[in-house]
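Peer 1: Structure below; questions to follow.
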Amino acid sequence: MPHDWAIYGPFNQFNDLQVMAIEQDGQTEAIEHAGRTGGLPFVGTGWYRTELDIPEPDANKRAFLLFDGAMSNARVYVNGKEVGYWPYGYNSFYFDITAALHSTGKNILAVRLENLPESSRWYPGAGLYRNVHLIVTDRVHIPVWGTYITTPVVNRRFARVEIKTELVRPADSEASQFKLETELLDPNGTSILTLGTPLTNYDHNLFSQKIIVPAPRLWSPETPELYTAVSRIYQKGVLKDEYTTRFGIRSVEVIPGEGFFLNGEKVQFKGVCNYHDLGPLGAAVNDAAIRRQVRILKEMGANAIRTSHNMPAPELVRACDEMGMMLMVESFDEWNIAKCKNGYNLYFDEWAEKDLVNLIRNYCNNPSVVMWCIGNEVPNQWEEEGNKIARFLQDICHREDPTRPVTQGMDAPQAVINNNFAAVMDVAGFNYRPHMYPENYRKLPQQIILGAETASTVSSRGVYKFPVERKAMAKYDDHQSSSYDVEHCDWSNLPEDDFIQHEDLPYCIGEFVWTGFDYLGEPTPYYSDWPSHSSLFGIVDLAGIPKDRYYLYRSHWNRAERTLHILPHWTWPGREGEVTPPCLYIPIIPLPNCLSTAKAREYVPKIPAYGWKVVIRKKPKPLSNASNVTA
């Protein structure tokens, strides 16, 4: 473990062959979609069995199984007795297995997983693809996800940290027997203080503590500082449980008309959308591969990831905490109206609240998580009653965690601004159609627009097509797309189209590009062209090697480093005498618009040296309301 039974293959065009029309892509007639879910054999039933190594049973002990994710429809058995069921393959869940354990002898754990056909739009993986944990506690203990830490006051001088800690105790025990001691450790692991709090009858089973931290080290993508709270529960002076929570001190705020603020400073999202698979490694969690992806994206200048279109693995969230990457954590790709016949629509009405609660309690203490996302292009956005479901899900998020804003990715801007579907959201997140941002802004009350999904440019690393011209849904005999970065989908656009909107419009708080990495499945535009079975959307290819587009974003987003990237390559047998257009990706550095050319020359030495001659050019007319001078 973790294990993905399907990544071993074999690839076959008949694995989950879906015959349908993808309405989001503009298809009006059903066609065969070979490789839509990767062409791998993930459909079917799998059993996992192991022998549990548990100490001798003790009436004062409890045992729990925590699953970080199990794909999917998990039924968990201990010694032949079913101890729990959880259908959603992307969520974390846990069960108390104490009652099913044998008093003597070995204990057998069995997990049955079943993936249905037409249950996904991409490769979901199969099996126990995330970690499983056995947790043994005292009867008196802090439960799984039993702490909730917030930082309601944050500045450079001090921060107020509020900690709520849940207690599980026998019903007949007196509250006065219990005390919580919380030790706070700074990012170096040095103990700052220890605070003791008794449990009162008024508090029932919840401890509340407030701590002032002087001169806090704030979490941000540039300074991913992490504090640790060690919670110890005592009953009549005897230690019963110890629970460790890592968190960051930082503030998050969305100010209408102004933008997104982290620690009081305005921040633009320079983000990407990523699916959960790791290319050739499949869906099985691999910490080194996840951290490699985060490192590659940070070097490009990205500061955020949208966990498309599902709940992330704990390993990704921990990596983003430690490496400095903001997360927009997403929950569902569909609600109770189907995109896929056997998708989450089968479970939404009964399970949506349970799934959201688990998601938020799992990650509410992670500082990298700055926003919750409750859906992606759900068909309910077209429905008159869809806004009520959006409000229902957002209210759950606010109830469980009032500190973070809530958004969703909407791809029907005209519908959602006319039926109030978009109006109920904290942040209106739009997928594509950036030319409609001004109209959306005029009609919506939030005064904030987020590019929840942008670009969908397609390219293949090292493949160049001639003539070099902008095209939508271009197809070639080799099943590739040009790496000149001039090809996109019918519904989408090129990177510079989004740069204009997200940087010239003050109410746009940034974008999440589709996608950071290529992934298994959705071989757009080669829907039916087997053996195509992976995407072409990625800025980085399936093996984790950057495409040319990576350096376009790097030159635009990463101003701390030098970027000089020239494409294509120089050797073209058969093109002798032809013109091969070169492209150059280098940074353009905006200067304050109040500067004259002479003043701009004085400003240039303050810019990080790129080692090149700097030429000052004044634009003859502004491209938008924001005139500037560029070097």
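Peer 1: Under 16 Å from a point 7 Å along the Cα-to-Cβ line of residue 162: which residues of segment 232-248 have their amide N that close?
Peer 2: Label zone hits: none.
Peer 1: Could you give the size of the charge dipole of segment 429-496 about its Cα centre, using +1 on the Cβ of each K and R and -1 on the Cβ of each D and E, expressed in debye and rounded to the nearest 20?
Peer 2: 200 debye
Peer 1: Once a ≥ b ≥ c are taken as the square roots of the eigenvalues of the Cα gyration tensor of segment 228-301, is the result rounded (a/c under 1.5), prolate (a/b larger than b/c) or oblate (a/b not larger than b/c)?
Peer 2: oblate
Peer 1: If you don't mind, another one. Which whole-number percentage describes the relative contact order of segment 208-316, with Cα contacts under 8 Å and a sequence gap of 6 or more?
Peer 2: 19 percent
Peer 1: So which GluC sites (Glu not before Pro) in segment 362-447 end up in coil per DSSP with only 10 or fewer other C-beta atoms within 10 Å?
Peer 2: Passing sites in segment 362-447 are 384, 385.
Peer 1: Run the numbers for residue 206 and residue 561: contour at 0.36 nm per residue of separation, minus the present Cα-Cα distance, in nm.
Peer 2: Contour length minus Cα-Cα distance gives 123.0 nm.
Peer 1: Now for a separate question. How would segment 191-264 be classified by its alpha-carbon gyration tensor: rounded, prolate or oblate, with rounded meaning a/c under 1.5 and the a/b versus b/c comparison settling the rest?
Peer 2: Prolate, since a/c reaches 1.5 and a/b exceeds b/c.
Peer 1: Could you tell me the relative contact order of segment 6-130? Use alpha-carbon pairs under 8 Å, at least six residues apart, and round to a whole percent.
Peer 2: Answer for segment 6-130 is 30 percent.
Peer 1: Semi-axes, largest first, in whole Å: what does sqrt of 5 times each Cα gyration tensor eigenvalue give for segment 286-427?
Peer 2: So the equivalent ellipsoid measures 27, 16, 15 Å along its semi-axes.
Peer 1: Separate question: Could you give the length gained by full extension between residue 436 and residue 136, i.e. 0.36 nm per residue of separation minus their alpha carbon distance, to one decimal place?
Peer 2: Extending this stretch completely gives an extra 102.6 nm.
Peer 1: Still on this model: Roughly how many Å² is the accessible area per residue of segment 509-562, as a whole number, for a 1.4 Å probe?
Peer 2: 26 Å²
Peer 1: Accessible area per residue for segment 305-447 in Å², computed with a 1.4 Å probe and the full protein assembly in place, what is it?
Peer 2: I get 31 Å² per residue for segment 305-447.
Peer 1: Using each residue's phi in segment 414-426, evaluate 6.51 cos²θ - 1.76 cosθ + 1.60 at θ = phi - 60° and report the 3J(HN,Hα) Karplus result to the nearest Hz, with x for Gly and Pro.
Peer 2: Working through the residues one at a time gives 5, 5, 6, 8, 9, 10, 6, 4, 6, 5, 7, 7, 4 Hz.
Peer 1: So, R0 is 41 Å and r is the distance between the beta-carbons of residue 238 and residue 351; what FRET efficiency does that work out to, to 0.05?
Peer 2: Efficiency, rounded to the nearest 0.05: 0.55.
Peer 1: For the chain, place one equal point scatterer on every Cα, skip the solvent, and apply the Debye formula. What is log10 of I(q)/I(0) at q = 0.11, 0.12 Å⁻¹?
Peer 2: Debye output, listed in q order: -1.16, -1.35.
Peer 1: Which pairs break 30 Å Cα to Cα here: 298/341; 354/388; 298/388; 61/179; 270/443; 266/475?
Peer 2: Going by Cα-Cα distance, 298/341; 298/388; 266/475 fall outside the 30 Å limit.
Peer 1: Here's another thing I want to ask about it. Between residue 295 and residue 20, what is the label-point separation in nm under the 7 Å Cα-to-beta-carbon projection?
Peer 2: 3.8 nm
Peer 1: For the chain, give the share of DSSP beta bridges that are antiparallel, in percent and rounded to the nearest 5; count only bridges with both residues there.
Peer 2: 75 percent
Peer 1: Let me ask another. Find the centroid of the Cα atoms in segment 251-286 and in segment 479-494, then give the distance between the two in whole Å.
Peer 2: 24 Å
Peer 1: Only helical DSSP H runs with n ≥ 4 go in: add -39500 (n - 2.57) per run for the chain, normalise by residue count and round the 222 nm mean residue ellipticity to 500 deg cm²/dmol.
Peer 2: -4500 deg cm²/dmol
Peer 1: Here's something else I'd like to know. Over the chain, what is the mean sequence separation of C-alpha contacts under 8 Å (at least six apart), divided by residue count, expressed as relative contact order in percent?
Peer 2: With pairs under 8 Å counted, the relative contact order is 12 percent.
Peer 1: Next up: Work out the FRET efficiency for residue 475 and residue 447 from their Cβ-Cβ distance, taking R0 = 41 Å, and round it to the nearest 0.05.
Peer 2: E between residue 475 and residue 447, to the nearest 0.05, is 0.50.
Peer 1: Given 37 °C and 0.692 mPa s, compute D for segment 506-557 with the Stokes-Einstein relation, Rh being the Kirkwood radius over Cα pairs; round to the nearest whole µm²/s.
Peer 2: Result for D is 268 µm²/s.
Peer 1: Also, quick follow-up: Could you tell me what percent of the accessible area of segment 57-155 is made up of carbon and sulfur, with a 1.4 Å probe and every protein chain present?
Peer 2: 50 percent
Peer 1: I want to check the label-to-label distance for residue 51 and residue 104. Put each point 7 Å from Cα in the C-beta direction and report it in nm to one decimal.
Peer 2: 1.7 nm
The values are calculated or read from the model by the stated rules, or taken from the named source; none is laboratory data. Quick caveat: nothing in here was measured; it's all calculated off a predicted structure. When we count neighbours, we look across all protein chains shown, and the Cβ atoms used for this are built from the backbone with ideal geometry, even at glycine. With ligands, DNA and RNA removed, areas are computed over all heavy atoms of the protein, side chains included. Shrake-Rupley method; radii C 1.70, N 1.55, O 1.52, S 1.80 Å.
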